Amino acid sequence: MNIVIFGPPGAGKGTQSKFIVKKYNIHQLSTGDLLRDEIKNGTELGSKISSIMNSGELVSDEIVGDLIEKFISNENYKNKIIFDGYPRTLPQAKNLDILLKNYNQKIDIVLKLNVSLETIKKRILERKSIEKRADDNEEIVIKRFQTYEKSSEPVLNYYKQTKLLQVVNGENSISQINNEISGLIDSMKG
Ligand code: B4P
């Protein structure tokens, strides 16, 4: 089973992915985490992308595409991935389909978390006090939200044309969302 979890910054993609990973014994592929690792490790790629991330823009499709291919091509993760934060653009969505097909896999469900900008601002400012992420401040969050609306809307339309898309109310409590997502996954597995 491969899952895509989709939604604005701070929607709870990472939070819900961690729960899904435990419950269904699959692996989380968070492009945000992979990119932050590159920055932390001081790689050449890391220095290239840190200013992009901290301005609220998206890193290029090529860079994230390379990062996810390493994961998809790994036999240990075959059909056991939750894509957290990928795809974020239409070319990424198309690339994901191609890559999965090349490795004899497919997406089984796309979960979209719906959350308002007001809620996102509140959550991200709370997270800032805990994790101290460089891109977690109000101004950048608004920019990230605008980037999301511009780049990700076509992704949503792309998945609307499939039968894979399931919309979840991301304003609910973490455990309510957990339950709703479990119900969707369980009913899909039949
Ligand atoms: P990400 O790391 O994906 O960051 P995010 O969208 O902010 O986080 P997420 O939705 O996972 O929120 P979380 O669960 O932590 O991306 C960061 C940057 O990386 C992007 O801006 C971009 O530059 C770059 N990037 C990543 N992927 C890319 C791609 N594919 N292409 C190009 N660039 C890419 O939740 C946030 C907070 O809310 C947490 O503190 C949590 O405790 C709280 N929370 C969650 N759910 C809650 C709930 N239901 N109720 C109350 N609080 C909740």
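None of the figures in this text is laboratory data; all of them are computed from the coordinates on show. Being a predicted model, the structure only gives us computed values, none of them experimental. Virtual Cβ from ideal backbone geometry, glycine too; neighbours counted across all protein chains shown.
Things worth noting here:
- Candidates D135, D108, D37, ranked by Gaussian network fluctuation over the chain, Cα under 10 Å, top entry: D37
- Pairs spanning more than 21 Å between alpha-carbon atoms, out of K94/K122; K150/K189; K94/K121; K163/K189; K22/K189; K40/K121: K94/K122; K150/K189; K94/K121; K40/K121.
- For I130, net neighbour charge (Lys/Arg +1, Asp/Glu -1) across residues whose Cβ lies under 14 Å away: +3
- Gaussian network model of the chain, Cα within-10 Å springs - most flexible of R36, R88, R133: R133
- Between amide H atoms placed 1.01 Å from N, distances below 5 Å from V167 occur with K112, all of them 5 or more places distant or on a separate chain.
- Taking a ≥ b ≥ c as the square roots of the eigenvalues of the Cα gyration tensor, region 53-190 is oblate, since a/c reaches 1.5 or more and a/b is not larger than b/c.
- Top of E149, E126, E44 by mean-square fluctuation, Gaussian network on the chain, Cα under 10 Å: E44
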